[in-house]
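Please treat every number below as a calculation from the coordinates, not as lab data. Since the structure is predicted, the reported quantities are computational estimates derived from the model, not experimental observations. Cβ placement follows ideal geometry from the backbone for every residue including glycine, while neighbour counts extend to all protein chains displayed.
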Amino acid sequence: MTNLPHFRLTNWFFKTLFSALFALLITSNGYASAFNNTHEYTLSNGLKLIVKEDHRAPIFVSQLWYGIGSSHETTGMTGVSHVLEHMMFKGTTKTKAGEFAELISRYGGTHNAFTTRDHTGYYQLMPNDRLELILELEADRMQNLRIDEEQFQRELKVVMEERRQRTDDRPTSLAYEHFTAVAFAGSGYSHPVIGWMKDIEGLTAKQAMDWYKLWYAPNNAVLVIVGDLDPKQVYAQVQRHFGSIPRIEFPQNKPITGLGYRSGQRRIEMKLKTRLPHLFLGFRAPNVITAEHPWEPYALELLVGVLDGGFSARIEKELVRGTEVASSAGAGYNLHSRGDSLITISGTPNLQKGFTLDDLENALIAQLDRFKTEPVSELELARVRTQLIAAQVFSQDSISAQASRIGKIESLGRSWRSLENDTAQLQAVTTEQIQQVAQKYLTSDALTALRLLPIKTATTQPLSHSSL
């Protein structure tokens with residue numbers, strides 16, 4: 001072995017190290033038991049309850065996921081799901097505005113909520129002797145929400161200010177919003193979660209209440225509880241508080257519609273008051289919900305990890321520290337969503353080194369083209385695979401993260417049990433499969449590109465890079 005070339009010894013050493021670490025991760029108690037002590041129940045009204053025991057601390061997290069988000073909204077009513085999330089804290093026929101938060105705080109807990117394209121969720125972290133309180137509060141606002149017109153109008157102003165601070169006053173965020181709107185043209189995913197400002201301004205209390213009555217029901221909800229609790233006792237308490245709530249007939253969560261994977265290249269140029277130019281590139285691609293071939297999403301996840309999986313990833317190593325064409329850049333991909341996902345690559349050119357948006361885009365496209373002609377090395381694949389498995393293992397340290405993994409996949413209509421196959425799916429992906437998905441999905445006629453330019457230096461010069 002000592003006679004081998006140094007680079008071969010190094011590759012052998014690190015490949016062996018990654019393999020050993022990978023084996024340790026997937027056989028460790030942390031991951032092997034990730035879904036042990038998980039119990040599933042379904043009430044007669046359709047509410048699904050999933051209880052996962054975790055007795056490391058005398059606490060629990062409760063997450064109630066509703067299968068409703070911005071992708072269900074129609075033009076003219078964008079943002080209604082998010083506004084309704086706000087109103088869910090403003091009182092019911094039994095509780096006053098602010099009383100929900102006051103009770104949680106009184107007993108040492110924390111709480112919040114979120115809205116996404118696919119779902120709306122409400123969660124609390126509490127001592128394990130306060131489950132009864134949480135169930136009573138959540139069951140109450142599932143069926144007894146009260147929306148006062150004056151209070152609704154005040155909350156609309158809060159949401160509009162939130163939009164201004166998070167999107168309208170941030171050029172990169174505003175550009176990304178328009179980028180996704182074009183990338184998902186014809187799809188419910190083209191709506192921003194917070195809604196378009198004109199739509200928010202026109203929303204009424206009646207529209208919010210109608211939306212509540214249409215979607216907030218036990219048969220459109222998943223309740224996930226993780227912590228130091230007895231599953232049978234949890235089920236009995238959930239049955240007592242939620243069992244009498246009637247199910248409703250609501251529109252089925254049909255697949256997201258929209259343009260296909262290869263529907264023609266689309267380019268946008270935005271000129272805003274910003275100091276630095278920015279580039280977004282996107283390619284529509286399937287995920288674990290929509291994929292025709294189950295292995296493809298995992299190959300795509302690994303491909304994105306090779307691009308942007310830490311300090312040793314290609315973008316950081318070759319474009320930020322290497323050629324220095326980018327002052328910053330990254331890539332992303334959502335493995336779980338109701339409709340097709342988007343592979344996104346974005347970055348800012350290194351102006352101090354004299355590089356332009358053209359230079360950055362050419363460099364990023366070259367990186368993508370490389371996947372099509374040159375298989376990923378086994379060493380790179382082992383490193384990224386280990387990182388992804390490690391993230392799954394470390395997520396078990398948090399009961400909130402455990403609940404979120406289960407709640408997200410369940411609210412999309414897929415069983416939490418499918419998560420047990422993620423490791424095996426990642427382990428089975430080959431370098432050839434990564435090359436295949438690159439050739440299939442990273443094509444010029446699937447590209448959406450947006451250039452954000454400072455107003456004073458805006459230009460519409462044609463690009464010089466290859467056509468993918």
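Please give the length that would be gained between Gln239 and Ala428 if that part of the chain were fully extended, namely 0.36 nm times their separation in residues minus their C-alpha to C-alpha distance (nm, one decimal).
Working it through step by step, the gained length comes to 63.9 nm.
If R₀ is 41 angstrom, what is the calculated FRET efficiency for the pair Ala390 and Glu150, using the beta carbon separation as r and rounding to 0.05?
0.20
Suppose the chain between Asn45 and Ser173 were pulled fully straight at 0.36 nm per residue; how much longer would it get relative to their current alpha carbon spacing?
42.0 nm
What are the residues whose amide H is under 5 Å from the amide H of Ser328, where those residues sit 5 or more places off or on another chain and H is modelled from the backbone?
Close amide H contacts, sequence-distant or interchain: Thr348.
Placing +1 on the Cβ of each Lys and Arg and -1 on the Cβ of each Asp and Glu in the chain, which of Leu203, Ala449, Thr93 has its Cα farthest towards the positive end of the resulting dipole?
The residue sitting most towards the positive pole is Ala449.
Please determine, in degrees from 0 to 90 and to the nearest 10, the orientation of helix 378-394 with respect to the longest principal axis defined by the Cα atoms of the chain, where the helix direction is its Cα long axis.
20 degrees
Which whole number of Å³ per residue matches the convex hull of the alpha-carbon atoms in segment 38-242?
Dividing the Cα hull volume of segment 38-242 by its residue count gives 134 Å³.
What dipole magnitude, in Debye to the nearest 20, does segment 38-242 give about its Cα centre under +1 on Lys/Arg Cβ and -1 on Asp/Glu Cβ?
100 debye
Calculate the FRET efficiency for Phe311 and Arg166 from the Cβ-Cβ distance with a Förster distance of 35 Å, rounded to the nearest 0.05.
0.75
Can you work out the Karplus-derived ³J(HN,Hα) for every residue in segment 95-101? Use 6.51 cos²θ - 1.76 cosθ + 1.60 with θ = phi - 60°, whole Hz, and x for glycine or proline.
Each residue of segment 95-101 in turn: 10, 8, 4, x, 5, 4, 5 Hz.
In whole Hz, what ³J(HN,Hα) sequence does segment 410-415 give by Karplus (6.51, -1.76, 1.60; θ = phi - 60°), x for Gly and Pro?
The phi angles translate into 5, 6, 8, x, 10, 6 Hz.
For Lys456 and Lys157, compute 0.36 nm times the residue count separating them, minus their Cα-Cα distance, and round to one decimal in nm.
Contour length minus the Cα-Cα distance gives 104.4 nm.
I want to verify the translational diffusion coefficient of segment 40-100 in µm²/s; compute it with Stokes-Einstein, Rh as the Kirkwood radius over Cα pairs, at 10 °C and 1.306 mPa s.
The Stokes-Einstein estimate is 106 µm²/s.
Can you list the residues, at least 5 places off or on another chain, whose amide H is less than 5 Å from the amide H of Ile59, using H built in the peptide plane?
Sorted by chain and number, the residues that satisfy this are Asn128, Asp228.
Only four residue types carry charge here, +1 at the Cβ of Lys and Arg and -1 at the Cβ of Asp and Glu. Report the dipole size of the chain about the Cα centre in Debye, rounded to the nearest 20.
Once rounded to the nearest 20, the dipole reads 520 debye.
Just from its helices, what would the mean residue ellipticity at 222 nm be for the chain, if runs of 4 or more DSSP H residues each count -39500 (n - 2.57) and the sum is divided by every residue, rounded to the nearest 500 deg cm²/dmol?
Roughly -12500 deg cm²/dmol at 222 nm, from the helical runs in the chain.
Of the options Asn350, Gly413, Gln367, report the single residue whose Cα projects farthest towards the positive end of the charge dipole of segment 333-468 (beta-carbon charges: Lys, Arg +1; Asp, Glu -1).
Positive-most Cα among the choices belongs to Gly413.
Using per-residue counts of other Cβ atoms within 10 Å, averaged over each peptide, order 372-385, 165-178 from highest down.
Sorting 372-385, 165-178 by mean packing, highest first, produces 372-385, 165-178.
Exceeding 26 Å between C-alpha atoms, which entries from my cross-link table qualify? They are Lys94/Lys232; Lys317/Lys408; Lys271/Lys353; Lys157/Lys213; Lys90/Lys213.
Result: Lys94/Lys232; Lys317/Lys408 exceed 26 Å.
Any idea what the dipole of segment 266-457 comes to, in debye rounded to 20, about its Cα centre with Lys/Arg Cβ at +1 and Asp/Glu Cβ at -1?
In total the dipole reaches around 720 debye.
On C-alpha positions alone, give me the angle between the axis of helix 296-307 and the longest principal axis of the chain, in degrees, nearest 10.
60 degrees
Place +1 on the Cβ of every Lys and Arg and -1 on the Cβ of every Asp and Glu in the chain, take the dipole about the Cα centre, and give the residue among Ser312, Leu379, Thr290 whose Cα lies farthest towards its positive end.
Ser312
Over 25 Å, how big is the tail of the calculated P(r) for segment 266-457, in percent of all Cα pairs?
Within segment 266-457, distances greater than 25 Å cover 40 percent of Cα pairs.
Starting from the Cα gyration tensor of the chain, multiply each eigenvalue by 5, take the square root, and state the resulting semi-axes largest first in whole Å.
40, 31, 19
If one computes the Cα centroid of segment 75-135 and of segment 136-181, what distance in Å separates the two points?
After rounding, the separation between the Cα centres reads 14 Å.
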